[in-house]
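The block underneath contains the structure these notes are about, expressed in structure tokens.
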Amino acid sequence: MIERNTPATLRRTAAKAAAIAILITASTTPTPTHAQSRFEPMDVFQLEYAADPQISPDGSQVVYIRTSMDIMRDRKRSELWIIDADGSDHRRLGEGGSPRWSPDGTRIAYTAAGQIHLRWMDTGETATLTQLTEPPSGLRWSPDGCHIAFNMLVPYPAPSLAAPPRPPAGAEWAAPPIMEDRFKSRQDGVGYLDFGYSHIFVIPVDGGTPTQVTAGDFQHSSAAAWHPDGAHLFFSANRNPDVLDYRNSELYIASVQTGDIRALTARPGPDGSPAVSPDGRQVAFVGYEDRTRTYQVSQLQVMNLDGSGHRTLTAGLDRSVSSPVWAADGSGVYFQYDDEGNSKVGFATLDGDTEVLAGDLGGTSYGRPYGGGSFSVANDGTFALNQTRPDMPGELAVGGPGAGARTITDLNSDLLANRTLGEVEEIWWESSYDGRAVHGWIVKPPDFDPNRRYPLILEIHGGPVSNYGDRFSAEMQLLASAGYVVLYANPRGSTSYGEEFGDLLYHNYPGQDYDDLISGVDAVIEQGYVDESNLFVTGGSAGGIMTAWIVGKTDRFRAAVSQKPVVNWISKTLTADNWYGYYHSRYEGLPWEDPEPYWRFSPLSLVGNVTTPTMIITGEEDLRTPLSESYQMFHALKMRGIDTAVIRLPGASHDMSRRPSQLMAKIANIVAWFEKYRVMPAAS
């Protein structure tokens, strides 16, 4: 039954709507810094953030990737920078990515232009180490500093049933047909994948020909870890010939000399990120034994190299952990995890005691307030990380045991010192469904006046197995700058609140996350500064799904914008690049065996209830939530006579923030759609 909530008699003030539309348009034109006070769309091009911080072995310097926005190319630009751990001597090193210090701290290996390069830190001289035909990834120094392991695709010829006819000399024929027989052939943001298998290689740092360590028709795309003896590599891969066993991966050890491979684990589920203890006797890793659920906590585990002594170090944490790094003295393992929407660096002793070393990890997801941080550790326990707060895009920080972390860069002060950001306030409420505590954040317009009544936007995160948090978000700030109060939240199914909370959507999505979000809207209304007649809803990916679901459940919202949604789970699970990832774990059975649950949880099944004006925004090259999903919703609403539109972003994949102008255009269209339906009280 659809819920009805008819507002009191109101009328639109066209003049004000037009004025605000003009303001939105004008905000895309740069004006002098002193004349701006609010965060404006063009400010997105001025944002910078720190990523991939790599601290030197002695803890004295940090190399990192400094990312800025190229306004002429409309793309992100990444460069290598270095800074002393005390924040001094901050300077550019050059183009490149994936920097990694040699064990003695005298050199840095990095990638640029599809090759591996070396830089000598005393002289600044550089050398190109490789002549590869495919781009490398996962650079890892051997303990003696004499070799580097890396991952690289080894192509194989595309399959073919018949040789195409040969065109006459000078003819301009169409490209030949391509036969596809792979389990996974496409990747969002990439397109059709090249034919080949990723393997692990080793190359001497003095130069030479790379040696392929792994073999077989399997993907070895995860970075390897060296054993202290320099003769063996540890890695994670799925080497099961059964392609339907796609949820599984095991740990392996390989001889660098002979290529012999031995499995270290043998259980259902993902085991990955191996890290070898300094004495070479134990391996730490993360994973879980798969029970085919929607969400399971990935735990930090340690075992001896023969598989004995297997134990979990984070059993009492009830949070998914990642990125294990051994302490130099072997006393424990560093790791990162999310807790109630905040990303942290932690440490676990071998007895299973854990402590928090630093919070606010993140800053690479500049558009929406997701996580996206990393850290590294020096031999003395000093660590480097990137950090973010609602008023601070990703900056570089350095900390140590018992000392917390201190920020050592200030990449955005030149911009933000002249901007008034929307204040971000934490809020908790109880779900109307079962009384569970739900966590969220309110973004208030700049120069907020508690005696006024503001329109409210409910902005819903993707995933749904992910989380928002107290992190900087250009999109939230732009919505607030347009005069809206914004609520974003972590309803049931979100990560960082434990396994039970995250798994509540098992065979039940969308489910009572709807109730959690509507209860959040009510909680913000109770604050006394929201105009109940002007409620709006939007979100991307899973947030777009929930937006499409909400308008089929209630007409409470004046207008909605569903960003990159799935509206039909049958078509999604047979066409998307991750088509195989939903069977059994998300919905029971297979869609051709039992289509009922797939349809019952499809927003399209509720389209007959929709009365809310609903716009859809999706990238034309989105392979995760294909554009055809958006058009199914659009066509259904058109057929029903509901006001609707589709915004297509040319060239955009699922990540619509890859090109800053498209992030700006997306927000401008969302605000314009909401302003079109926003109502004003009658003049007194």
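The values are calculated or read from the model by the stated rules, or taken from the named source; none is laboratory data. These numbers were taken from a predicted model, which means no experiment stands behind them. Here Cβ is always computed from backbone atoms with ideal geometry, including for glycine, and neighbour counts include all displayed protein chains.
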Scan segment 197-208 and give yes if some residue there is more than 16 Å from residue 148 (Cβ to Cβ) and acidic (Asp, Glu), otherwise no.
no
Filter result for residue 611 (over 22 Å from the mean Cα position of the chain (by Cα), in the same structural domain as residue 452 (by TED's automatic domain parsing) and assigned to a loop (DSSP other than H, G, I, E, B)):
yes
Which condition breaks for residue 254 when tested against (1) crowded, with 17+ Cβ neighbours inside 10 Å; (2) closer than 27 Å to residue 582 by Cα; (3) out of contact with any helix residue (DSSP H, G or I) (no Cβ under 7 Å at 6 or more places or on another chain)?
(2)
Exactly one condition in (1) farther than 28 Å from residue 622 by Cα; (2) assigned to a strand (DSSP E or B); (3) of a type outside the set (Phe, Trp, Tyr) is not met by residue 153; state its number.
(1)
Do we have residue 166 as farther than 17 Å from residue 223 by Cβ and either modelled with pLDDT of 95 or more or within 27 Å of the chain's Cα centre (by Cα) (or both) here?
no
Taking residue 290 as the residue in question, decide whether it is under 21 Å from the mean Cα position of the chain (by Cα), at negative phi and of a type in the set (Asp, Glu).
no
What are the residues in segment 318-341 that are surrounded by fewer than 19 Cβ atoms within 10 Å (Cβ to Cβ) and under 21 Å from residue 461 (Cα atoms), if any?
340
Look at residue 186 and say whether it is under 30 Å from residue 112 (Cβ atoms) and touching a Leu at 6+ places or on another chain (Cβ under 8 Å).
yes
The condition of being within 16 Å of residue 629 (Cβ to Cβ) and of a type in the set (A, V, I, L, M, F, W, C) holds, among 592, 579, only for 579
Residue that is nearest to residue 153 (Cα to Cα), among those in segment 96-140 that are assigned to a strand (DSSP E or B) and hydroxyl-bearing (Ser, Thr, Tyr)
137
The number of residues in segment 140-169 that are surrounded by fewer than 18 Cβ atoms within 10 Å (Cβ to Cβ), in contact (Cβ under 8 Å) with a residue 12 or more places away in the chain and not polar (S, T, N, Q) is 12
Just one of 571, 533 is under 25 Å from the mean Cα position of the chain (by Cα) and among the small types (Gly, Ala, Ser); which is it?
571
Out of the strands (runs of 3 or more DSSP E) lying entirely within segment 373-477, which hold 1 or more residues that are farther than 23 Å from residue 40 by Cα, among the hydrophobic types (A, V, I, L, M, F, W, C) and outside the structural domain of residue 322 (by TED's automatic domain parsing)?
375-377, 383-389, 392-400, 404-407, 424-430, 437-443
Residue check for residue 560: under 28 Å from residue 191 (Cα atoms), out of contact with any Asp or Glu (no Cβ under 8 Å at 6 or more places or on another chain) and crowded, with 23+ Cβ neighbours inside 10 Å:
no
Any idea how many residues of segment 303-333 are in contact with a Ser or Thr (Cβ under 8 Å, 6 or more places away or on another chain), assigned to a strand (DSSP E or B) and of a type in the set (Ser, Thr, Tyr)?
2
Which one is farthest from residue 337 (Cα to Cα), of the residues in segment 278-298 that are touching a strand residue (DSSP E or B) at 6+ places or on another chain (Cβ under 7 Å) and surrounded by 21 or more Cβ atoms within 10 Å (Cβ to Cβ)?
283
Taking segment 403-423 as the search range and keeping residues that are in contact with a Lys or Arg (Cβ under 9 Å, 6 or more places away or on another chain) and within 15 Å of residue 38 (Cα to Cα), which one is surrounded by the most Cβ atoms within 10 Å (Cβ to Cβ)?
422
With the requirement that a residue be on the phi > 0 side of the Ramachandran plot and either of a type in the set (A, V, I, L, M, F, W, C) or crowded, with 23+ Cβ neighbours inside 10 Å (or both), what does segment 472-525 give you?
493, 496
Give the number of residues within segment 484-513 that are under 14 Å from residue 461 (Cβ atoms) and not in a loop (DSSP other than H, G, I, E, B).
7
Sort out which residues of segment 531-542 are surrounded by 21 or more Cβ atoms within 10 Å (Cβ to Cβ) and more than 12 Å from residue 625 (Cα to Cα), and write them in order of number.
534, 535, 536, 537, 538, 539
Flag for residue 675 being touching a helix residue (DSSP H, G or I) at 6+ places or on another chain (Cβ under 6 Å) and crowded, with 21+ Cβ neighbours inside 10 Å:
yes
Considering segment 288-298, residues that are out of contact with any Lys or Arg (no Cβ under 9 Å at 6 or more places or on another chain) and either assigned to a strand (DSSP E or B) or touching a residue at least 60 places away in the same chain (Cβ under 8 Å) (or both), and then whichever is farthest from residue 500 (Cα to Cα), we arrive at 293
What is the number of the single condition among (1) out of contact with any Asp or Glu (no Cβ under 6 Å at 6 or more places or on another chain); (2) over 30 Å from residue 244 (Cα atoms); (3) surrounded by fewer than 23 Cβ atoms within 10 Å (Cβ to Cβ) that residue 599 does not meet?
(2)
Residue selected from segment 367-398 under the condition under 27 Å from residue 467 (Cβ atoms) and surrounded by fewer than 20 Cβ atoms within 10 Å (Cβ to Cβ), by the criterion modelled with the lowest pLDDT
372
